[in-house]
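Working notes, beginning with the structure itself.
A short reminder: the numbers here are calculations on the coordinates, not readings from a lab. Model, not experiment: these values are computed from the prediction. Neighbour counts are summed over all protein chains in view; Cβ atoms, including those assigned to glycine, are modelled from backbone coordinates with ideal geometry.
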Amino acid sequence: MSEIGFYHLSRTSADQALPKLLGRTLAAGERALVLCGSQERVEALDAALWLCSDPIWLPHGTARMGEADLQPIWLSASPPDAAEPPNGARFLFLIDGVICPDLERFTRVFDLFDGADETAVAAARARWAAAKAAGHTLTYWQQGVGGWERKT
């Protein structure tokens, strides 16, 4: 089973929170798959990651660029069809309320949701319940003044 962290965004958007989380992922020697809600969102996030300043460098790619196996971070609008993510990622980032049916393929899953959007919060609660029923290990994180705070 996977370790799934639910990340309650209360101070920034996913675009602002993702770079640091992805930077930590790369620093840990891991690869990431980021699933977005639409192809337009993939393109916008692609541009945002090239322009972010902290960390200064987040090597990543999309289907438009190709060469998934060379990309430490892969941005996509659809879950991988094959048993293995296109870039071999073991860490999965879900934004925009995206659902991935095969969470157990990943060591860690980061489910980022907008805490100011009641619909997004309700959907995150439903994903939490489904993940708990499936036997995954769950943690809940909320943005605080100094960064992420683990809550119970």
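For this structure, a couple of remarks:
- In a fully extended conformation the segment linking residue 151 and residue 3 would gain 51.8 nm over its present Cα-Cα distance, using 0.36 nm per residue.
- A crude spin-label estimate for the pair residue 57 and residue 129, with each label 7 Å from Cα along the Cβ direction, gives 4.6 nm.
- Reciprocal mean inverse distance between Cα atoms of the range 6-73 - Kirkwood radius, Å: 12.6 Å
- Charge context of residue 73, other residues only, Cβ under 11 angstrom, K/R +1, D/E -1: -1
- For the chain, with +1 on Lys and Arg beta carbons and -1 on Asp and Glu, the positive-most of 36, 23, 5 along the dipole: 5
- Close amide H pairs (under 5 Å, H built 1.01 Å from N) link residue 93 with 33, 34, 35, 110, residues at least 5 positions away or on another chain.
- Net charge over other residues, Cβ less than 14 angstrom from the Cβ of residue 119 (K, R count +1; D, E count -1): -2
- Given (i) 22, 18, 14; (ii) 22, 22, 17; (iii) 37, 21, 18, the label whose value is semi-axes √(5λ) of the Cα gyration tensor in Å derived from this model: (i)
- For the range 55-71 versus the range 109-152, the spacing of their alpha-carbon centroids is 27 Å.
- Span-like helix ranges in the chain, DSSP H, alpha carbon extent 24 angstrom or more, Kyte mean at least 1.0: none
- The residue list 66, 79, 148 was ranked by how far each Cα lies along the charge dipole of the range 48-152 toward its positive end, using unit charges on Cβ atoms, and 148 comes out on top.
- The dipole here belongs to the chain: it is taken about the Cα centre, uses +1 on the Cβ of Lys and Arg and -1 on the Cβ of Asp and Glu, and is about 520 debye.
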